[in-house]
Amino acid sequence: MHKILVTALSPDSSFFHYPYTKEQLEQMVAQGEKARKDAGFDTTVYWMAPDSPTGTLAGFIEMLKNEEWDGVLIGRGVRTDPKMTEWFEQLVNTTREHSPKSKFIFNSDDQDSLGPMKRVFPAK
């Protein structure tokens with residue numbers, strides 16, 4: 001089973017600007033969890049909020065240090081928002097430093113993380 005750290009932009013962050021409520025987003029993540037597990041992925045979600053005391057870069061570093069991760073998924077909410085470019089760079093560089101064996105996974109759809117995981121870790 002591949003162990004994947006999934007980063008998600010918290011709805012509590014002022015950077016969050018998607019048409020979902022916090023409850024809808026949490027439901028989408030929970031629904032995807034079963035499918036990811038059934039496909040052989042052990043995923044942990046880290047809710048990021050770079051503009052608040054929770055979901056910080058320090059918390060992300062602790063997550064990276066405390067587990068051996070096969071991959072880190074950085075969602076499109078961070079990668080495609082120009083205001084998040086600096087945060088994206090920090091996540092990439094921090095991952096390289098603290099979890100150098102992790103493969104990067106990038107999704108292009110808020111509701112599909114399994115497809116990109118399968119792309120990076122194809123079934124044998």
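The values are calculated or read from the model by the stated rules, or taken from the named source; none is laboratory data. Bear in mind the structure is a predicted one, so any value in this text is a computation, not a measurement. FYI the Cβ positions are ideal-geometry reconstructions off the backbone, even for glycines, and counts take in every protein chain you see. All accessible areas refer to the heavy atoms of the entire protein, side chains included, with ligands and DNA or RNA removed. Shrake-Rupley method; radii C 1.70, N 1.55, O 1.52, S 1.80 Å.
To keep it simple, each residue is scored yes or no on (1) at pLDDT below 70; (2) over 19 Å from D109 (Cα atoms); (3) in contact with a strand residue (DSSP E or B) (Cβ under 7 Å, 6 or more places away or on another chain).
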residue	(1), (2), (3)
V6	no, no, yes
Y20	no, no, no
M48	no, no, yes
T54	yes, yes, no
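D70 satisfies every condition listed in (1) in contact with a Gly (Cβ under 8 Å, 6 or more places away or on another chain); (2) charged (D, E, K, R); (3) crowded, with 17+ Cβ neighbours inside 10 Å except (1). Residues that are part of a helix (DSSP H, G or I), open to solvent by less than 30 Å² (accessible area, probe 1.4 Å) and modelled with pLDDT of 85 or more within the range 77-114 comprise W87, L91, T94, T95, listed in sequence order.
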